[in-house]
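Take a look at the structure set out below.
The values are calculated or read from the model by the stated rules, or taken from the named source; none is laboratory data. None of the values given here were measured: they were computed from a predicted structure. Reconstructed Cβ throughout: ideal geometry from the backbone, glycine too, with neighbour counts over all protein chains shown.
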């Protein structure tokens, strides 16, 4: 079957549904497990309800797992093919041309937070399933589109889901790049905390998440350093503002998996503050983190032939004039010695009287490039793109694929296309999403067809 020709007939349906979903601001504000109806907040619950009602109306079997996650199911058999998407998004952040949840459409693109990470791809997978269902194609496996609600903040949703439902026998996550991601680096987050009195800094704040390069850092100072700060901005060509004793610098957001693509506002502010304060927090950042995306200053750099280099992101800082907290995120390849690296970080932190605490560690995920799952998906990609040159790859980003024993990340960003996940003015290209829907339909039939 020519799934691309069929998918084009579903384009209006795709656009209407994805816009509805993108207009819901599904940013996790607070996790409340005691709230049985909406543990991740009312907006994420609203998005989950929208998807389940849509699927039920379209004739699919649906199941909600404690409002943590859900699945949309079709097909028969004992084996399960899982397609894993998520409805939550990172905070909008940065400067947008239009409101980040307006789902503004122009020139064949739809702009919104979550357009590519991961609502647009999730709806492409849903449309793929609907095309197969409408074509009455028999499947010998159950196919489940699994909808998570907490991918960006710890994946507690999928943990709960797998406590209640069978782990899929194989699967893919439409939450990365084409042609295919067969390996994902380990993802490791930790906090450094301390207490320091300071004659200069009243407060310091930047960032919200471990997995985003912060684009704004604000300091409130006790002494007037306006002339010095303005000169710093001019000399370094840094964008910033001054309002009384509140100084702000602006950098650039990026995904923590690719911190070199951003401009970390914490580092920009530290470059100014280090000349005016002896605060240990500032000087720790300057000595061991500042402008270093690969952990070289900490002595933890490492390179793997398939997974490439370790990367490091300083995601947030909070200091109230006494208590300080720094949040960091590391993406590491399979040859990284975790215990030795952790010891080096602790030693460096101790030098500045900072205490270390691990907040999460997801080990590297790997499926052999020779596995039949990888070969089948790659074949589907090549059929509808004609691209026989682009190579399958490993990434520093983390997807739901790493939760399953046998799954990979599969699209939808096409080779050479701009990737604005976690950045301002994120958008999807409608034409590309329709191509993705065709690729996903082909893949599902190849993997689960009778």
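If you check 206, 173 for being within 30 Å of residue 381 (Cα to Cα), at pLDDT 95 or above and surrounded by 18 or more Cβ atoms within 10 Å (Cβ to Cβ), only one passes: 173.
None of 244, 227, 297 is more than 18 Å from residue 200 (Cβ to Cβ) and out of contact with any strand residue (DSSP E or B) (no Cβ under 7 Å at 6 or more places or on another chain) except 297.
Considering region 51-69, the residues that are within 22 Å of residue 14 (Cβ to Cβ) and surrounded by 15 or more Cβ atoms within 10 Å (Cβ to Cβ) include one that is nearest to the chain's Cα centre (by Cα), namely 51. With a requirement of 2 or more residues that are farther than 30 Å from residue 380 by Cα, the helices (runs of 4 or more DSSP H) lying completely within region 1-113 that satisfy it span 42-57. Out of 80, 89, one residue alone is modelled with pLDDT of 95 or more and touching a helix residue (DSSP H, G or I) at 6+ places or on another chain (Cβ under 8 Å). It is 89.
Taking the numbered list (1) buried (at least 23 other Cβ atoms within 10 Å of the Cβ); (2) more than 22 Å from residue 13 (Cα to Cα) in turn, residue 96 passes all entries but (1).
Determine whether residue 229 is in a helix (DSSP H, G or I), closer than 30 Å to residue 185 by Cβ and touching a helix residue (DSSP H, G or I) at 6+ places or on another chain (Cβ under 9 Å). Against the criterion (in a helix (DSSP H, G or I), closer than 30 Å to residue 185 by Cβ and touching a helix residue (DSSP H, G or I) at 6+ places or on another chain (Cβ under 9 Å)), residue 229 does not qualify. Against the conditions (1) surrounded by fewer than 24 Cβ atoms within 10 Å (Cβ to Cβ); (2) assigned to a loop (DSSP other than H, G, I, E, B); (3) at pLDDT 95 or above, residue 198 satisfies every one except (3). Can you confirm whether residue 382 is in a loop (DSSP other than H, G, I, E, B), more than 30 Å from residue 103 (Cβ to Cβ) and modelled with pLDDT of 95 or more? When the stated conditions are applied, residue 382 does not pass them. Please tell me if residue 373 is surrounded by 24 or more Cβ atoms within 10 Å (Cβ to Cβ), touching a strand residue (DSSP E or B) at 6+ places or on another chain (Cβ under 7 Å) and modelled with pLDDT of 95 or more. When the stated conditions are applied, residue 373 does not pass them. When restricted to residues that are crowded, with 18+ Cβ neighbours inside 10 Å and more than 22 Å from residue 397 (Cα to Cα), region 137-159 contains 5. Residues considered: 420, 447, 428. Of these, the only one that is surrounded by fewer than 24 Cβ atoms within 10 Å (Cβ to Cβ) and either modelled with pLDDT of 95 or more or assigned to a helix (DSSP H, G or I) (or both) is 447. When 341, 350, 299 are checked against the criterion of being surrounded by 16 or more Cβ atoms within 10 Å (Cβ to Cβ) and not in a strand (DSSP E or B), 341 stands alone in meeting it.
All conditions but one from (1) farther than 23 Å from residue 158 by Cβ; (2) in contact (Cβ under 8 Å) with a residue 60 or more places away in the chain; (3) touching a helix residue (DSSP H, G or I) at 6+ places or on another chain (Cβ under 6 Å) apply to residue 409; the one that does not is (1).
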